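Here the structure comes first, spelled out in structure tokens, and everything after it is commentary.
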Amino acid sequence: MTRTTLRQQLSEGILALDEGIETRPSRFGGQGDAFWIGRRELAHFHPGNELDLRLTKPVIRELKAELEADPRVSWRASSDWVEVRFSRKSHLERVLELVARALAANR
């Protein structure tokens, strides 16, 4: 599958998680539109099939061991954001699980 197809599938999955999620330009850059819940930017794409996701510091602390064990996930110590890489359709389910956690944390 092409990157565009994976991104489209992930975008559709993100929008299906909650009817309150909207797409708007990113405040932080990224590639294409970002996903917003209310006044908070939830996620945006970067090149190379990477999603920047506002998971929040409390959720990052809670999932720290799990996130550290996943080579597709990285983050900066003082940030609310994680970077999640996806290169196969089988990765999308995990990305959507993390987006759902971010959605709950950013409400």
Quiz item: For the range 53-107, how many residues meet the condition of being among the hydroxyl-bearing types (Ser, Thr, Tyr) and closer than 25 Å to residue 20 by Cα?
Solution: 2
Quiz prompt | residue 28 being aromatic (Phe, Trp, Tyr) and within 16 Å of residue 85 (Cβ to Cβ) | solution = no
Quiz item: Only one of (1) on the phi > 0 side of the Ramachandran plot; (2) at pLDDT 95 or above; (3) exposed (fewer than 11 other Cβ atoms within 10 Å of the Cβ) is not met by residue 56, so which one is it?
Solution: (3)
Exercise. Tell me, yes or no, whether the range 10-17 has at least one residue that is free of Cβ contacts under 8 Å to residues at least 12 places away in the same chain, more than 18 Å from residue 92 (Cβ to Cβ) and not hydrophobic (A, V, I, L, M, F, W, C).
Key: no
Exercise. Report those helices (runs of 4 or more DSSP H) wholly inside the range 21-107 carrying at least 3 residues which are touching a helix residue (DSSP H, G or I) at 6+ places or on another chain (Cβ under 6 Å) and closer than 17 Å to residue 7 by Cβ.
Key: 89-105
Quiz item: What are the residues in the range 75-107 that are farther than 20 Å from residue 14 by Cα and small (Gly, Ala, Ser), if any?
Solution: 77, 78, 79
Quiz item: Residues in the range 41-51: is at least one surrounded by 12 or more Cβ atoms within 10 Å (Cβ to Cβ), at pLDDT below 95, over 10 Å from the mean Cα position of the chain (by Cα) and closer than 19 Å to residue 80 by Cβ?
Solution: yes
Quiz item: Across the range 46-82, what is the total count of residues that are among the small types (Gly, Ala, Ser) and in contact (Cβ under 8 Å) with a residue 24 or more places away in the chain?
Solution: 1
Quiz item: What is the number of the single condition among (1) within 15 Å of residue 52 (Cα to Cα); (2) surrounded by fewer than 18 Cβ atoms within 10 Å (Cβ to Cβ) that residue 107 does not meet?
Solution: (1)
Self-check item: Conditions (1) modelled with pLDDT of 95 or more; (2) under 14 Å from residue 11 (Cα atoms); number of the one not met by residue 69
Solution: (2)
Quiz prompt | Test result for residue 5, surrounded by fewer than 18 Cβ atoms within 10 Å (Cβ to Cβ), out of contact with any Lys or Arg (no Cβ under 7 Å at 6 or more places or on another chain), in contact (Cβ under 8 Å) with a residue 12 or more places away in the chain and among the polar types (S, T, N, Q) | solution = no
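The values are calculated or read from the model by the stated rules, or taken from the named source; none is laboratory data. Given the structure is predicted, the values throughout are model-derived calculations rather than measurements. Quick reminder, even Gly has a Cβ in these numbers, built from the backbone with ideal geometry, and neighbours come from all protein chains shown.
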